[in-house]
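Since the structure comes first, as structure tokens, the remarks are kept for the end.
The numbers here are math on the coordinates, done by the rules we state, and not lab data. These numbers were taken from a predicted model, which means no experiment stands behind them. Neighbour counts are summed over all protein chains in view; Cβ atoms, including those assigned to glycine, are modelled from backbone coordinates with ideal geometry.
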Amino acid sequence: MTGGLLAAVRDLPPESTQQAVGYPSLFLLVALGALVPVVPTGAIVSSAAVVAFHQSSPFALLVVFLLASSAAFLGDLALYGLGLRGVRSRNGSRWLDALRARAAPDRLAHAQERLDTHQVSVLVLSRLVPAGRIPVMLACLLSRMPLRRFARGDAAACLAWAATYQLIGVLGGSLFPEPWQGVVAAVGLTVLVSGAPAVWRRLRGRRRDGKRGGLRREDA
């Protein structure tokens, strides 16, 4: 997928064609990624920001920001609405089951604990922390948070998320003269930002297991 993206960026069409094709594609991909959390929406927004950075239009970056944040917001609202239907139904729903399957029990418990006292801040951070959105959304669903209250917190979260990944794209685009080089840098930075917390948790877990093993041997 990344290779095809880079090939497309190398042979960029005129700006008018980019805007006619790229902007709707950006909106649809980010909205789809909010509904189906397997699409790398962060990398998509960063790559779009690189291309916008190299355009002559001063409003290109603003359009990318508005499209990305609004698509993420609408996708989140759609997923939350589908989840609410499952919570209110006796038989549940496949959307609610999918959210449960993607939320680790420890992260869900932590989200529920934080949600009681810091609702808006937890929602904002859930979009910025890799793999944090689904556990927090599920915690909101299980607490039966109304859609309007969720929307208020999620709006700020989507704005912060779009700004963060657009900044990554601008940084990558400013380092290299060619757009495809900036895309490579932006995707690399996105992967690093997304993967670093997971690697840190694994290393910390191994350290804890090692300490527990050492204590057991000492007790024996």
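Here each label is just a point 7 Å from Cα along the line to Cβ, and for residue 102 and residue 25 those points are 2.3 nm apart.
The modelled label-to-label distance for the pair residue 175/residue 144, using points 7 Å beyond Cα in the direction of Cβ, is 5.0 nm. Applied to region 70-85, the Karplus parametrisation 6.51 cos²θ - 1.76 cosθ + 1.60 on θ = phi - 60° returns per-residue 3J(HN,Hα) values of 5, 5, 5, 5, 5, x, 4, 5, 5, 5, 5, x, 5, x, 4, 4 Hz, with x for Gly and Pro. Backbone phi angles across region 151-167, fed through the Karplus curve with coefficients 6.51, -1.76 and 1.60 (θ = phi - 60°), yield HN-Hα couplings of 5, 5, x, 6, 4, 5, 5, 5, 5, 5, 5, 4, 5, 5, 6, 5, 4 Hz in residue order; Gly and Pro are listed as x. With the simple spin-label model, which puts each label point 7 Å out from Cα in the Cβ direction, the residue 35 to residue 131 separation comes to 2.6 nm. Per residue, the average separation of C-alpha pairs within less than 8 Å and at least 6 apart gives region 24-158 a relative contact order of 22 percent.
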